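Q: One structure follows; several queries about it will come next.
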Amino acid sequence: MTTARAPARHGTGTDPGASPRVLLTLVLIAAAMPVRLLRSVPGIDSVSVLDILLAVAALTLFLDLACRPLDIGYPMLFALLCVPAVVCGLSMLWTQDRGATFRATLIYVEGIVAYLFVVRELGGVSPGRVMTYIRRYSLLLIVPAVLLLLRVPGFSPEEPGVPTDSDRYLSYYSRLSHPALGPSNNLATVLAFFVPLLLYWGRVRHDRRCTLAGWVTLAAVVCTLSRGVLLGLLTAAVLAGLGALLRRRLAGNRIPGRAVAVVAVAGAAAALLYRLIPDSLVASRFSPANVLLRSEFAVEAIHKIAERPVLGFGGGTAPDGLWDLARVHNTYLQQMVYYGVVLGALVSLALIGTAVFFFSRWRTSPVARVVGFTLIAQLVVFGVESSFEGTVLRVLFYLSVGLATALVRASGRQPAEPLTGRRN
């Protein structure tokens, strides 16, 4: 059972967070490579090493209740993160597929455990220490993907039932994908969460390690050729640049060339990427055929929503057995398919509210604004991908929010440092 840790004191030269967090390290390693240990488990489908470690983490959280209350981070943020789980659990009352809804609820619970565990483990540590865990985790995510491309034994795609000569299987080797997380879009979604944080921290604190990790992570996202994730990052970059311009103008200061450059570079990046990618990959990744297919999914989803607009079909279900509609590639429509218009909109608003929450705290912790833009990128991805519906990806989203929460809390305890501050 983990003991309580006091916040780091300034000027003492010590950081109680410098002591190793063995279980946290193991969880992050497992999250970077969630290898499945058991398949076809009744009622669960499969069990990964990450599931087992999070079960141990849940046990430690329960045992901690005997000596102190549960650390939920920010109460409002925790409430927002619990809304999807509560709505999914309630849909057990009317779902078409109780097994699918039970599994979906269990995944939400696992995600909440991941959030609570990370928040507890990183409570009281310095922001630099939190960034160390973020930096290592982002790089750990890339390693299996590189080993997959190099065809190292033990790192082949884990997707069961896919013929090795099929286009889907071969797609793992045409762009950066992950053996356990799945095709390139999945890896890109997880990595995109950390790109803004690493680049921001490296610039503000002059931490070359974070800067390098940020550029490596961004390069990995580009190598995935994930259109939705690249769109999300570009959208966040443009909004961040415009926000900097607006703040400068309201303050009466001269608009710096760097802010203008951010907007200009972000706006031109999509066109440049299109020119640099080989024609063969452009044909497969930037073809309108896939966009039209997803548009058809959206139209079918709207028809299903019209059939059951009040309560939907239940969390995680395939409406009337149509499995294509269990992944509509639009999280916001997907929630309405699952829970009806009102409850589906409530879940979507809760997800949007996580970004709003961090923006509301930027005065006490400037890094909170960066987290807000990071979540905007994720929200854009959710609008064009089925990332939030992925079982492992949903847990990793909650884990990532836990890391961001720990960073914002740690930064809020320390006085703001100038851009010429020391390295971590």
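The values are calculated or read from the model by the stated rules, or taken from the named source; none is laboratory data. As the structure is a computational prediction, the values presented were derived from the model and not from experiment. Here the Cβ positions follow ideal geometry from the backbone for every residue, glycine too, while neighbour counts run over all protein chains shown.
Q: Scan region 71-88 residue by residue and report those that are within 21 Å of Asp51 (Cβ to Cβ) and in contact (Cβ under 8 Å) with a residue 40 or more places away in the chain.
A: Those that are within 21 Å of Asp51 (Cβ to Cβ) and in contact (Cβ under 8 Å) with a residue 40 or more places away in the chain: Leu81, Pro84, Cys88.
Q: Moving to a separate point now. Sort through Ile29, Ile112, Ile107, Ile44 and tell me the only one that's within 20 Å of Val408 (Cα to Cα), β-branched (Val, Ile, Thr) and touching a residue at least 40 places away in the same chain (Cβ under 8 Å). Lay out the reasoning, then the answer.
A: Numbers: Ile29 fails: within 20 Å of Val408 (Cα to Cα); Ile107 fails: within 20 Å of Val408 (Cα to Cα); Ile44 fails: within 20 Å of Val408 (Cα to Cα).
Within the list Ile29, Ile112, Ile107, Ile44, the selection yields Ile112.
Q: Quick one: His329 ticks every box in (1) outside any helix (DSSP H, G or I); (2) more than 17 Å from the chain's Cα centre (by Cα) except a single one, so which number is it?
A: Status for His329: all satisfied but (2).
Q: Name every residue in region 123-157 that is touching a Gly at 6+ places or on another chain (Cβ under 7 Å) and either crowded, with 24+ Cβ neighbours inside 10 Å or part of a loop (DSSP other than H, G, I, E, B) (or both), in order of residue number.
A: Within region 123-157, the subset touching a Gly at 6+ places or on another chain (Cβ under 7 Å) is 124-126, 129.
Result: Gly124, Val125, Ser126.
Q: Shifting gears a bit: When you scan region 71-84, do you find a residue that is of a type in the set (Ser, Thr, Tyr) and touching an Asp or Glu at 6+ places or on another chain (Cβ under 9 Å), even just one? Working first, answer last.
A: Just the residues of region 71-84 that are of a type in the set (Ser, Thr, Tyr), to begin with: 74.
From the residues that got through so far, the ones that are touching an Asp or Glu at 6+ places or on another chain (Cβ under 9 Å) too are none.
Within region 71-84 (the criterion being of a type in the set (Ser, Thr, Tyr) and touching an Asp or Glu at 6+ places or on another chain (Cβ under 9 Å)), the answer is no, since none of the residues qualifies.
Q: Could I ask something else about it? I want to confirm something. Restricting to region 218-227 and keeping residues that are surrounded by fewer than 23 Cβ atoms within 10 Å (Cβ to Cβ) and in a helix (DSSP H, G or I), which single residue is modelled with the lowest pLDDT? So that I can check it myself, show each step before the final result.
A: The first filter runs over region 218-227 and keeps only residues surrounded by fewer than 23 Cβ atoms within 10 Å (Cβ to Cβ), leaving 218-220, 222-223, 225, 227.
With the extra rule that they be in a helix (DSSP H, G or I), the set shrinks to 218-220, 222-223, 227.
Details: Leu218: 92, Ala219: 91, Ala220: 92, Val222: 89, Cys223: 90, Arg227: 83.
That would be Arg227.
Q: Hey, another quick one. Only one of these conditions is not met by Trp94: (1) farther than 26 Å from Leu322 by Cβ; (2) modelled with pLDDT under 95. Which number is it?
A: (1)
Q: For region 59-112, which residues satisfy the criterion of being out of contact with any Pro (no Cβ under 8 Å at 6 or more places or on another chain) and among the aromatic types (Phe, Trp, Tyr)?
A: Keep residues of region 59-112 that are out of contact with any Pro (no Cβ under 8 Å at 6 or more places or on another chain), which gives 59-95, 97-107, 109-112.
Result: Phe62, Tyr74, Phe78, Trp94, Phe102.
Q: Thr374: in contact with a helix residue (DSSP H, G or I) (Cβ under 9 Å, 6 or more places away or on another chain) and either acidic (Asp, Glu) or outside any loop (DSSP other than H, G, I, E, B) (or both), yes or no? Write out each step before concluding.
A: Working: in contact with a helix residue (DSSP H, G or I) (Cβ under 9 Å, 6 or more places away or on another chain): yes; either acidic (Asp, Glu) or outside any loop (DSSP other than H, G, I, E, B) (or both): yes.
In short, yes.
Q: Restricting the search to region 60-119, which residues are of a type in the set (Ser, Thr, Tyr), more than 29 Å from Arg21 (Cα to Cα) and outside any helix (DSSP H, G or I)? Explain how you work it out, then say what you get.
A: So in region 60-119, the residues of a type in the set (Ser, Thr, Tyr) come out as 60, 74, 91, 95, 101, 105, 108, 115.
Cutting the leftovers down to more than 29 Å from Arg21 (Cα to Cα) gives us 91, 95, 101.
Hit for region 60-119 is Thr95, nothing else.
Q: If you go through region 108-158, how many residues are among the acidic types (Asp, Glu) and either touching a strand residue (DSSP E or B) at 6+ places or on another chain (Cβ under 9 Å) or more than 30 Å from Leu70 (Cα to Cα) (or both)? Before the answer, list the steps.
A: As a first pass, look at region 108-158 and keep what is among the acidic types (Asp, Glu): 110, 121, 158.
Filter once more, keeping what is either touching a strand residue (DSSP E or B) at 6+ places or on another chain (Cβ under 9 Å) or more than 30 Å from Leu70 (Cα to Cα) (or both): 158.
Total satisfying the criteria: 1.
Q: Taking the options Ile134, Ile44, name whichever one is touching a Leu at 6+ places or on another chain (Cβ under 6 Å) and not aromatic (Phe, Trp, Tyr).
A: Numbers: Ile44 fails: touching a Leu at 6+ places or on another chain (Cβ under 6 Å).
Only one candidate passes the filter, namely Ile134.
Q: Given the structure, is Gly241 modelled with pLDDT under 85, assigned to a helix (DSSP H, G or I) and either over 22 Å from Glu159 (Cα atoms) or in contact with a helix residue (DSSP H, G or I) (Cβ under 6 Å, 6 or more places away or on another chain) (or both)? Break it down into steps so the answer makes sense when it comes.
A: Details: modelled with pLDDT under 85: yes; assigned to a helix (DSSP H, G or I): yes; either over 22 Å from Glu159 (Cα atoms) or in contact with a helix residue (DSSP H, G or I) (Cβ under 6 Å, 6 or more places away or on another chain) (or both): yes.
Taking the combined requirement at face value, the residue satisfies it.
Okay, residues lined up against (1) surrounded by fewer than 18 Cβ atoms within 10 Å (Cβ to Cβ); (2) in contact with a helix residue (DSSP H, G or I) (Cβ under 7 Å, 6 or more places away or on another chain); (3) modelled with pLDDT of 90 or more; (4) assigned to a loop (DSSP other than H, G, I, E, B):
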site: Val262; (1), (2), (3), (4): no, yes, no, no
site: Glu300; (1), (2), (3), (4): yes, yes, no, no
site: Gly340; (1), (2), (3), (4): no, no, yes, no
site: Thr354; (1), (2), (3), (4): no, yes, yes, no
site: Trp362; (1), (2), (3), (4): yes, yes, no, yes
site: Ser365; (1), (2), (3), (4): no, yes, no, yes
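Q: Now for a different question. Kindly indicate whether Arg209 is among the basic types (Lys, Arg) and in a helix (DSSP H, G or I). Talk me through it step by step, then tell me what you get.
A: Values: among the basic types (Lys, Arg): yes; in a helix (DSSP H, G or I): yes.
For Arg209, the condition - among the basic types (Lys, Arg) and in a helix (DSSP H, G or I) - is met.
Q: Scan region 158-178 and give yes if some residue there is under 30 Å from His206 (Cβ atoms), of a type outside the set (Phe, Trp, Tyr), without any contact (Cβ under 8 Å) to a residue 60 or more places away in the chain and surrounded by 16 or more Cβ atoms within 10 Å (Cβ to Cβ), otherwise no.
A: So the first thing to find is which residues in region 158-178 are under 30 Å from His206 (Cβ atoms), and the list is 176.
Now drop any that are not of a type outside the set (Phe, Trp, Tyr), which leaves 176.
From what's left, without any contact (Cβ under 8 Å) to a residue 60 or more places away in the chain: 176.
Okay, now just the ones that are also surrounded by 16 or more Cβ atoms within 10 Å (Cβ to Cβ), so 176.
Within region 158-178 (the criterion being under 30 Å from His206 (Cβ atoms), of a type outside the set (Phe, Trp, Tyr), without any contact (Cβ under 8 Å) to a residue 60 or more places away in the chain and surrounded by 16 or more Cβ atoms within 10 Å (Cβ to Cβ)), the answer is yes, since at least one residue qualifies.
Q: Among residues belonging to region 318-372 that are in contact with a Cys (Cβ under 9 Å, 6 or more places away or on another chain) and hydrophobic (A, V, I, L, M, F, W, C), point out the one that is nearest to Met76 (Cα to Cα). So that I can check it myself, show each step before the final result.
A: Here is the first cut: in region 318-372, the residues in contact with a Cys (Cβ under 9 Å, 6 or more places away or on another chain) are 338-339, 347, 350.
Of the ones still in play, those that are also hydrophobic (A, V, I, L, M, F, W, C) are 347, 350.
Details: Val347: 15, Ala350: 10 Å.
Applying the filter and picking the extreme gives Ala350.
Q: Can you tell me which residues in region 83-108 are closer than 16 Å to Leu399 by Cβ and surrounded by fewer than 17 Cβ atoms within 10 Å (Cβ to Cβ)?
A: If the condition is that a residue be closer than 16 Å to Leu399 by Cβ and surrounded by fewer than 17 Cβ atoms within 10 Å (Cβ to Cβ), then no residue fits.
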